[in-house]
Every structure is written in structure tokens, then in C-alpha cells.
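Computed from the coordinates by the stated procedures, all read-outs in this text should not be read as laboratory data. All figures in this text were calculated on a predicted structure; none of them were measured in a lab. For neighbour counting, all protein chains shown are included, and Cβ atoms are generated from backbone atoms with ideal geometry for every residue, glycine included.
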There are 2 protein chains.
Amino acid sequence: MRYNYDNMENKIYTYKYQHPAVATDCVVFGYDGKNLHVLLIERGIDPFKGSWALPGGFLKMDETVEECAQRELQEETNVKNIYLEQFHVFSAVDRDPRERILSVSFLALVRKSEFKLIAGDDAAKAEWFEINNLPSLAFDHKEIIELAKNKLQQILSYKPIAFQLLDKTFIMSELQRLYELINETEYDRRNFHKKMLATSLFDDEGLCKTPMQCRAPQMYSFNEERYKEQVKNKTIKKYPFDF
Amino acid sequence: MRYNYDNMENKIYTYKYQHPAVATDCVVFGYDGKNLHVLLIERGIDPFKGSWALPGGFLKMDETVEECAQRELQEETNVKNIYLEQFHVFSAVDRDPRERILSVSFLALVRKSEFKLIAGDDAAKAEWFEINNLPSLAFDHKEIIELAKNKLQQILSYKPIAFQLLDKTFIMSELQRLYELINETEYDRRNFHKKMLATSLFDDEGLCKTPMQCRAPQMYSFNEERYKEQVKNKTIKKYPFDF
DNA sequence: GCAAAAGTGTTGACAGTACACCCATGC
DNA sequence: GCATGGGTGTACTGTCAACACTTTTGC
């Protein structure tokens, strides 16, 4: 459901006190092994008609904010069971010119390879933008993305979320690239490799079959079960993925 | 403003779509150098009349959620300029029996020594409870406090929030006790001392004057300016207070 | 003198950093 | 054969955990 103020049935809801409207917005990060992207939609209606904005929509009365974000994401991207996490409520009084609207903001991670852009309904088109090359954005969405980036950095250090952005099997340099993009630094290839494997949370998946102009790299997969076991036994560090 | 459904003026507000009500709730942590407490109020009205609950109230249309939490806290506790941070939105459809109410939840830290309990207005009384000895709670407030504790542990490792809970000058054992209470572990006295001072963020404040049955301990204060400088210069670790 | 709580220093183990060298592949 | 990207190893360094002895004070 995009921002949409049509009202077919002309119902009216009344309250003794003023209530704000509540919407969820999603900062959807996508990775293709090379670059980190954010999903944006072009607004088909005013305000900010023609501007780019975060996918999002209004909360229904029979769903939680998580369900709302999930639903919106599914409608926009056709992906389900995706990592999704609320990170902030934006509530500036004048953040929307129409009426008082709170945004409960989520960040979401998707594998770009598993994702097909839907031809926009509501005359809105959806497109990926490189994280460091975003267009100007509607509402306070620039600020929302900024905070999402910070939050993502933080979560990256203590939850195994990077693997949500990679295919089941991946090579170390893809994982490293992702860490470098998110944390905006560079790491020593050999030390990164060593420290990752030291967690003993990776399974060997044989050599990469794709022909490339170098020695065939080792493929790995992340062992979710072993991770959960370590968490359960508390044999894991507080920030196991802090690089 | 407590939960209060009186409406003197009998105004009515209408919307084309259903809007949820939005409230803020505060998990207020207080420390006295010995024990960690949470502030609760006794509800004077139904639902859950007579039960203990978190201080909180409804969002006004001319304030952000942060301002709302700040205002509520000031009305309840008479303290201002307190550390306050939103940490989660609770939005289960049936979390309040009256109507659909979202709770934007905050955690707050106060020095108990600077705090005076107000005789409750709205026939509600406010009281401190030891964190590990809470009464049964209204709504989903038990769950809210649980998450607040987790979030507090997390924030403790990367922000200098412990000092919000201590007097300006303090002794190391008070700081250590606080870390132990929040993180639910124990630390070696000497290593804790050493590691804290290694941050070079503490100023010497002379010996403790209070007579006690031991050698007079050293008093310290936290140097906020030096901390901010280190953050600015990025000469600080990602988790400088991780113990 | 003794209990309580505080101050200080040493040591070994392990983790993190900075490097260098070799290997397979495509052109 | 050379550029590209990948694999492995070593040595140094610094941080962290474990631990013992001394100091002051009140009773």
C-alpha cells in the first residue's frame, strides 16, 4: 500500500482525542557481490510527486508494525521471510505536509539475485540506487537512510546478518567487500579471512566453478545451526562479527 | 498525563482511515550506588486498576515522541535533561483492551539521589522497585522492561551512560557494581579498575571524605569533553565500555 | 589485631596487525 | 609471461585474565 488518500467507501472514523497516523517505512539494502544498493520508489502522487522515496505505507488496524513492514515489503519486492528490524520512530511534527504521520522505520536485507523488481502499481516505479549515489528524497527519508546505515553497522558487529545479503554459498572476498561497504573501511584480506574462519561457523562448499581470471576461490556457507548452538551455550563473544 | 479517558470538552476528531492511538512508556532506571531500581506507578483507573505499570502517556499532536517521553518523565519524576532513548515500538493488536494503542518505549536513567518521588496525581502513587524483584505488571509492561534491560546492556558497551546513573564524582566500586548489575556478571576488581582508567576519560577528584571501615577510596569524575573529542577524532574504540 | 575494602604490579596466554611468498587462470 | 585475485604462514605487538601482596580505617 503506497501513500494513498483515496477513500472509496467514504467511511469516517471518530475519536475523542486526536490520533496521529502511523506508517512504516523500509530501508531495503540489496547486495550483488559488488555494490550495496537501496531500494527506492518514485512517488506517483503529491506531495513530492515524481520524487524518490522509501517504500512504505500505513498501518492497518489488524496488524503489528512488523507485519505491516513485511506486507509492504512483499507488495513492493515480492520477497518474503526476509530479515527485517525496526530501528527508529521518526515523529517530527511537520515531517509530512498532509497530516501528522509517525514513521516506524525498518531496515531490511535482500539478496539482489533473488529479487525481481515489480512493475510499479500505483504508477510508481521501483529502482535500486547505489548507497553512495542516492537521488534527492521526499520527506525526511534522507535522514532515515542515514540512521539505517548507522544501525546496520552496529547490528553487523553482533548478528550474522551479512549472510542475508549473500547467496547460500559465497566466497570470502564477497563477504569482505560487504563488510567494507557497510563499515566504510578496508580490511587486510588475509586477516579478515583468518578471523572469520576462527569463528568456526563456516562450512566448506568446495571450489568456485565459475571460470575467472584467477585461481578458483574457496566457497563457504554460514552454519546457522552451529551459530544458534553457540548462542545457546553462551560460548560466543558479545560482538563475534566486529571487524 | 496518565492513561485518562475523560474528555471535558466533548470534542470529536474524525479521520477517513482508522488511526491507532500512540503512547510513550518509560522504563526509568535508578541507581543509588547499591542497587538498581525501576520506577513504577500504581494505576488508579481501569483497566488494570491497582496494578503496577510503567509511567507513560499519550502523544500530543504538537510534540515528538521524545518530547512526549520527556514531558511524561518530568511530570512523574520532576527530573529534566535526563538521558532518554527510544528502543522499541510495541504494537501487538490486543495489547490494550480499550482500543488499539501503540507504545513507543523509552529507557531513561536517573540518579536516585537527585530524585524526589512525587505524591501521585490521578490517585496513582509512584515507587521504586528493585530490578530483580518486580511486582506483576499491567499490559505487556513486563516484556517492555525485559527488552529495556537487554537494550541497556547493549548501550552500556558503547556509550558512557553509566555516569548518568552516578553522582558527578564516584568511586570505582560503585561504577563496577553498576556494570555487574546491568550485565548480570562479576568482574575482577583490579582488571576493571585498570581497564576503565586506560580510557583516560577519568579525572581525579581526590579521596573520598566519608568515613568508612576501610582505606579512603579514590574519587573520579567522567570527562565528557575528552570523550566527545575522542569521538570526534575517531581515536576511540567502537565499544569503549565493553566489559 | 582483625575484618573490610581499597591501591598497585606481574605474568602468561591469546588475539590482532602487519607483512611476504606462492598458486591457478585467462588472455 | 603477466596481470589478477586467491591461498597460506610468520613474527611482532598489545590487550586481557588470573592472581598476591600491601595499605588504611573502624571496632
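Report, please, the projected area of chain B averaged over directions, based on the convex hull of its C-alpha atoms, in nm².
Mean shadow area of the hull around the Cα atoms is 16.0 nm².
Average partner chain C-beta neighbours within 10 Å, per residue of A:227-238? List each step's numbers first, then the result.
On the way: counts 0, 0, 0, 0, 0, 0, 0, 0, 0, 0, 1, 7.
Shielding by partners across A:227-238 averages 1.
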Fewest-first sequence of B:TRP52, B:TRP128 by Cβ atoms within 10 Å of each Cβ: B:TRP128, B:TRP52
Residues A:VAL28, B:VAL93, A:VAL89, sorted so that the one with the fewest Cβ neighbours within 10 Å comes first: B:VAL93, A:VAL89, A:VAL28
Label spacing, shortest first and in nm, from B:ASP46 to its equivalents in the remaining copies (7 angstrom along Cα→Cβ): 4.9
Residue pairs, from the table A:LYS142/B:LYS168; A:LYS80/A:LYS195; B:LYS112/B:LYS159; A:LYS49/B:LYS16, whose Cα atoms sit over 27 Å apart: A:LYS142/B:LYS168; A:LYS80/A:LYS195
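How big is the Kirkwood radius of the range B:126-243, worked out from every pair of different alpha carbons and given in Å to one decimal? Show your work: numbers first, answer last.
On the way: mean 1/r = 0.0618 Å⁻¹.
The answer is 16.2 Å.
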Built amide H within the under 5 Å cut-off of A:PHE202, gap 5+: A:ASN223
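Do the sum for the protein assembly as shown: with -39,500 (n - 2.57) for every DSSP H run of n ≥ 4, divided by all residues, what is the mean residue ellipticity at 222 nm, to the nearest 500 deg cm²/dmol? Could the numbers behind the result be given before it?
Numbers: 10 runs with 124 residues, N = 486.
Counting only the DSSP helices, I get -8000 deg cm²/dmol.
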Computed over chain A: relative contact order in percent, which uses C-alpha pairs under 8 Å that are six or more apart: 20 percent
Label-point gap, in nm, between A:LEU207 and B:LYS49 - each point 7 angstrom along Cα→Cβ: 7.8 nm
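In Å, what Kirkwood hydrodynamic radius results for the protein assembly as shown from the alpha-carbon pair distances?
25.2 Å
Can you give the % of DSSP beta bridges in the protein assembly as shown that are antiparallel, to the nearest 5? Mind dumping the intermediate values first?
On the way: 57 of 81 bridges.
For the protein assembly as shown, the DSSP antiparallel bridge percentage is about 70.
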Cβ-based exposure ranking for B:LEU54, B:LEU207, A:LEU36, in which fewest neighbours within 10 Å come first: B:LEU207, A:LEU36, B:LEU54
Sites A:LEU134 and B:LYS60 - FRET efficiency at Förster radius 30 Å, r taken between beta-carbons, to 0.05: 0.35
16 Å cut-off, amide nitrogen to a point 7 angstrom out along B:ASN150 Cα→Cβ, residues in the range A:84-98: A:84-88
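Give me a single rounded figure for A:17-28: the average over its residues of other chain Cβ atoms within 10 Å of their Cβ. Show your work: numbers first, answer last.
Numbers: counts 11, 10, 13, 9, 6, 9, 0, 2, 0, 0, 0, 0.
Mean number of neighbouring Cβ atoms from other chains: 5.
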Nonlocal amide H pairs with B:PHE29, under 5 Å, H built at 1.01 Å: B:ALA108, B:LEU109, B:VAL110
Percent of alpha-carbon pairs separated by more than 15 Å within the range A:29-84: 58 percent
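Determine the shielding of peptide A:56-65 by partner chains: average, over its residues, the number of Cβ atoms on other chains within 10 angstrom of each Cβ.
Details: counts 0, 0, 3, 7, 4, 7, 3, 2, 7, 7.
Mean partner-chain Cβ count within 10 Å for A:56-65: 4.
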Calculated FRET efficiency for the pair B:LYS142/A:LYS80, C-beta based, R₀ 45 Å, to 0.05: 0.90
